[in-house]
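Notes follow once the structure below has been shown.
No lab work stands behind these numbers, since they all come straight from the coordinates. Keep in mind that what you see is a predicted model, and the values were worked out from it rather than measured. Using ideal geometry, Cβ is built from the backbone for each residue, glycine included, and neighbour counts are taken over all protein chains shown.
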Amino acid sequence: MINHILVTGSAGFIGFHLCKRLYFLSLIEETLGKKTNIEYLPMQPGGVEATPADIDDLVRDHNYLPHVNVEEGVKLFIDWFKNYYGSGRSIPKM
């Protein structure tokens, strides 16, 4: 059960699907039907402030172009996570 999220950096996906972290968290809340308690802290050691992606090589070498928007991606990931860990696997400690 997710009820507390520590926000220290940005959230995004490969290439074009960058989004603001609060919007990203709102998508998670909406998909799970739960509100989160957000604790804002300064950047943590080892944190990454930005992770821009140039996917030109990915497109050229593998003929791959992402086609899932962030809204659908969050839903797909949460569905996968629930199915994967709902089958008795241990959730990794963070």
Check: Which value in Å is the Kirkwood Rh of region 44-94 over different Cα pairs?
Finding: 14.4
Item checked: Highest-first arrangement of 83-91, 28-36, where packing means the average Cβ count within 10 Å -> 28-36, 83-91
